[in-house]
Amino acid sequence: MTIDHTRILIIEDEALIAEEIRSTLQLFGYHVVGIVMNGDRALDAINNLRPSLVFLDINIKGSLTGIDIAHIIRKRYSLPFLFLTALSDAETLEKARETMPYGYIVKPFNDNTLKANIEMALFKYGREQQRASLSKEYIEKRYRTSLSEREYGILTAFAKGSSYKKTADTLCISVNTVKTYQKKLYQQFNVHNKAALLQKLFNNP
């Protein structure tokens, strides 16, 4: 996703901070679709404004906290979000981790921190979407090959970043069996290592 197509929603109840973020993001070339200053209005904004990324304050006014909103985003939407907060205590961090955010920005922050977190969030989200789209039928058609269920299982495990052991445990096979199938996959996709295999999956052949 290019910068000019990235639609960002800011959910932040401190007006000065929200406007500062808006100005910075616009300076970088991002499109800010709106600012919401109450957690209870956040879900309506997400539905109506269709953002591609959400900046989410943890302690926001309203009956829904940023943590609550994050859990709902995870359940209902395919959408990356970044936390904005002045809190960095262990309890808050643990609650935030449970929502699996794409970034955690502690106030006060600078322009470079915002830009770096956005780029990392969009990259991570993009890779997740790529992995989710790697169906067996899609791979076979795209690369004109045929995969056994075991080969496909190992291929998708590698795409998710699983280690040899985790792949073996998930598929109830040995690590040596994983490596044997790995060699077969290298031959099928005409590559010589795992990095090249993954690059071929996530880029145009």
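The values are calculated or read from the model by the stated rules, or taken from the named source; none is laboratory data. From a predicted model like this one, the values you see are computed outputs, not experimental measurements. Glycine gets a Cβ as well: all are built from the backbone with ideal geometry, and neighbour counts include every protein chain shown.
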Legend entry - Breaking point among (1) over 16 Å from Phe81 (Cβ atoms); (2) surrounded by 17 or more Cβ atoms within 10 Å (Cβ to Cβ), for Val36: (1)
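Which is more than 25 Å from Arg127 (Cα to Cα) and either modelled with pLDDT of 90 or more or among the β-branched types (Val, Ile, Thr) (or both), of Ser88, Ser52, Ser23? Give the derivation first.
Working: Ser88 fails: either modelled with pLDDT of 90 or more or among the β-branched types (Val, Ile, Thr) (or both); Ser52 fails: more than 25 Å from Arg127 (Cα to Cα).
Result: Ser23 is the single residue among Ser88, Ser52, Ser23 that is more than 25 Å from Arg127 (Cα to Cα) and either modelled with pLDDT of 90 or more or among the β-branched types (Val, Ile, Thr) (or both).
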Legend entry - First in the stretch 177-205 and assigned to a helix (DSSP H, G or I), second anywhere and surrounded by fewer than 17 Cβ atoms within 10 Å (Cβ to Cβ) and basic (Lys, Arg), Cβ under 7 Å, 6 or more apart: Tyr181/Arg150; Phe189/Lys200
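Sort out which residues of the stretch 181-195 are loosely packed, with under 13 Cβ neighbours inside 10 Å and on the phi < 0 side of the Ramachandran plot, and write them in order of number.
Within the stretch 181-195, Lys183, Gln187, His192, Asn193, Ala195 qualify.
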Inset, instruction - Determine which single condition Ser162 fails, assuming it passes every other condition in (1) assigned by TED's automatic domain parsing to the domain that holds Pro80; (2) not in a helix (DSSP H, G or I). - result: (1)
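Quick grid of which residues meet (1) touching a Phe, Trp or Tyr at 6+ places or on another chain (Cβ under 6 Å); (2) more than 27 Å from His5 (Cβ to Cβ); (3) in contact (Cβ under 8 Å) with a residue 40 or more places away in the chain:
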{"residue": "Leu53", "(1), (2), (3)": "no, no, yes"}
{"residue": "Leu56", "(1), (2), (3)": "yes, no, yes"}
{"residue": "Lys61", "(1), (2), (3)": "no, yes, yes"}
{"residue": "Ile72", "(1), (2), (3)": "no, no, no"}
{"residue": "Tyr77", "(1), (2), (3)": "no, no, no"}
{"residue": "Ser88", "(1), (2), (3)": "no, yes, no"}
{"residue": "Thr92", "(1), (2), (3)": "no, yes, no"}
{"residue": "Met100", "(1), (2), (3)": "no, no, no"}
{"residue": "Tyr104", "(1), (2), (3)": "yes, no, no"}
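Please verify whether Asp89 is exposed (fewer than 13 other Cβ atoms within 10 Å of the Cβ) and not small (Gly, Ala, Ser), treating the condition exactly as stated.
Numbers: exposed (fewer than 13 other Cβ atoms within 10 Å of the Cβ): yes; not small (Gly, Ala, Ser): yes.
Judged against the criteria, Asp89 is a match.
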